[in-house]
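Structure, as structure tokens:
The values are calculated or read from the model by the stated rules, or taken from the named source; none is laboratory data. The structure presented is a predicted model; accordingly, all values stated were derived computationally and were not measured. With ideal geometry, Cβ positions are generated from the backbone for all residues, glycine too; neighbour counts draw on all protein chains shown.
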Amino acid sequence: MYDLLDKINSPADIRKLSVEELPKLCSEIRAYMVDCCSRNPGHLASSLGTVEMIVASHYVFDTPEDKIVFDVGHQAYAHKIITGRREAFLGNRTKDGISGFPNRDESPYDSFGTGHSSTSISAALGLAEAAKMQGQKHKVLAMIGDGALTGGLAFEGINNAGASKADLLILLNDNNQSIEKDKGALHNHLLSLTTSPTYNKIKKQVWDSMGEGKARNKLQRFVISAKSLAVKRSGGDLFEALGFRYFGPVDGNDIVQLIDALKRLKALEGPRVLHCLTVKGKGYAPAEADPATWHAPGRFNPETGERIRKSHPADRYQDVFGYTITELARKDTRVVGITPAMAKGCGMSQLAREMPDRFFDVGIEEEHAVTFSAGLAAGGMKPFCNIYSAFSQRAYDQIIHDVALQHLPVVLCFDRAGLVGEDGATHQGAFDLSAYRSIPGAVISVPADELELRRAMYTAWQQESGPFIIRYPRGMGEGIEWKEADPAILPPGKGECLAEGSGIAILALGPMAHLALKAAQEIEKESGKKYSVYNMRYLKPLDLDILEEVSRSCRGIVTVEDGSIMGGLYGAVSEWVAGKGLGIMVEGLGIPDKFIPQATQAQQRMECGLSVSGIVSACENMSKKI
């Protein structure tokens, strides 16, 4: 079906092709990617835009000896397809299949694992310095998108790399602009000039002869100014000021131009940047027209671009959040929304449309998002800061130092908490419960369904101290009516009894409470045993009245949580039981002490025992022991 791609089993096969054959190869890679992703969803638009950059990098550089580090990794599908995983890509992001992100355990071509943003430059710098210290001559490339460049870690890496003089090449994938053809000749001329071996030899001789000093600094400032004037859109003066040699911009979707540039830059040493202008969604018209939607479009018809949507009986938690924060903002002019580049994903688009002056998308800057929210709270506002649970880990210090220590009423909404499905280990929201439970003064709310999420947000809105954390899962709710229901307050530290019983009590957090109730009903139906079931609602403060009640009526407790068993609800209940010196058995169901790879959410939950059958089995095993 694919004349060239079917023959490519490694980058070595690409290097056997002529440059003239590579545009056809890139076209076939795109067609294969679209076909695979139409049936097995993934991150499409970003990867479509980087095909030429990836093929050119593998063509010019001797991978895997030379190293390519990808930022985030959702732009690396072409890399996976041409590095021996073409057939495996059919199972991308599925159980027992390959990861949707670069993974060191998966291939020697994946030099560094990446699923989060802005890490590539620091990692690549480490690889470059390691090579230098060991006398190795291989090259190191960092491929980073313009969005990821907003992250503070990227600037930390650039700052350190520029000062280190490391042999590092950054490929800046700038897909926020398209190339204007009437400027192509100028760009090509500037690129040819700045990558010319003669030019760089002369420049190096001049640089070395001048040594460190005022004269060299003046010349450096002159070069920066000249380049900045010549290449207005490049931003090259920033890189040059930080110690990098800047080249470009070039057409990142023109593989012939890219190969020419990379061959020239391969001969150079030191920290350098090649600025590549690409089109997100390149080569697939629907994705080019709407790259935001086609970032992760789900299943679709590859011929027509029609997205295949499933009907669902419930609303998404993200829709509940978006509706409720807008509702609160209408009631209170102090309410503002903050997100680090996830407005659509977290449901905050409605607030952005209706009240743009009360909405802040700060880019991929989780640490800044939290401290910025703290500043808003200190200034009298009511900030709701929405961060995906896995990414909140980056802002751990800010949550402690800037929010909790100052008792500021910041509402932290952790979306995608728990097991997230196909994005796999890098994106699991496994650690938030155990990570934040130890913070003094923190409130951790875990709503059981859509209505409780709405009520938790109303509760947080009325709090005058913080942080107030609300964590909820990815995807659909329980089908509970919530829009017209009274948004009553959920008193912190107070859960509810869902079923009365004796012998064993099942204590559950979040939507696991609904599973626990179904499990108890099944046990009663099969054996006649009636076990107690509690929706704890809050991990912190814990409902001590429930624990006292359970200690009087039960000999065993099963905790259920969509989070790490270590330190979460299981840890909190176990600590309380041990502190009281009670002879009650406590066992926990949750995410075990390992990283959970990609699969569907249902498959991951089944693996962790977070299912009706898993809870039933845990209760049956406990009943045999007590």
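Worth pointing out:
- Restricting attention to the stretch 458-485, the residues being aliphatic (A, V, I, L, M) and surrounded by 24 or more Cβ atoms within 10 Å (Cβ to Cβ) number 3.
- Of all the listed residues (ILE98, ILE54, ILE14, ILE29), the sole one being touching a Leu at 6+ places or on another chain (Cβ under 8 Å), in the same structural domain as LEU277 (by TED's automatic domain parsing) and farther than 21 Å from GLY305 by Cα is ILE14.
- Checked against the criterion of being among the acidic types (Asp, Glu), touching a residue at least 24 places away in the same chain (Cβ under 8 Å), on the phi < 0 side of the Ramachandran plot and part of a loop (DSSP other than H, G, I, E, B), the stretch 455-472 contains one or more residues that satisfy it.
- Listing of helices (runs of 4 or more DSSP H) fully contained in the stretch 1-90 that carry 2 or more residues being closer than 30 Å to THR600 by Cβ and touching a residue at least 24 places away in the same chain (Cβ under 8 Å): 22-39, 45-49, 51-60, 77-82
- Identity of the residue in the stretch 237-260, within 24 Å of GLU129 (Cα to Cα) and of a type in the set (Gly, Ala, Ser), that ends up surrounded by the fewest Cβ atoms within 10 Å (Cβ to Cβ): ALA241
- If you filter the stretch 32-50 down to residues that are farther than 18 Å from ALA88 by Cβ and of a type in the set (A, V, I, L, M), you find that the one that is surrounded by the fewest Cβ atoms within 10 Å (Cβ to Cβ) is ALA45.
- The residue list ARG264, ARG309, ARG299, ARG272 contains one member that is charged (D, E, K, R), touching a residue at least 12 places away in the same chain (Cβ under 8 Å) and surrounded by fewer than 16 Cβ atoms within 10 Å (Cβ to Cβ), which is ARG299.
- Residue within the stretch 393-400 that is among the hydroxyl-bearing types (Ser, Thr, Tyr) and closer than 21 Å to MET457 by Cβ present: no
Let's see how each residue does on (1) more than 27 Å from GLU367 (Cα to Cα); (2) of a type in the set (A, V, I, L, M, F, W, C); (3) modelled with pLDDT of 95 or more; (4) crowded, with 18+ Cβ neighbours inside 10 Å:
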site: PHE61; (1), (2), (3), (4): yes, yes, yes, yes
site: ASP66; (1), (2), (3), (4): yes, no, yes, yes
site: GLY73; (1), (2), (3), (4): no, no, no, yes
site: GLU87; (1), (2), (3), (4): yes, no, yes, no
site: ASP110; (1), (2), (3), (4): yes, no, yes, yes
site: SER120; (1), (2), (3), (4): no, no, yes, yes
site: ALA123; (1), (2), (3), (4): no, yes, yes, yes
site: ALA148; (1), (2), (3), (4): no, yes, no, yes
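- Counted residues, the stretch 152-187 - those being within 26 Å of PRO291 (Cβ to Cβ) and either at pLDDT below 85 or not assigned by TED's automatic domain parsing to the domain that holds LEU258 (or both): 10
- Among the residues of the stretch 124-146, those that are touching a residue at least 40 places away in the same chain (Cβ under 8 Å) and either out of contact with any Asp or Glu (no Cβ under 9 Å at 6 or more places or on another chain) or basic (Lys, Arg) (or both) comprise ALA124, LEU125, LEU127, LYS139.
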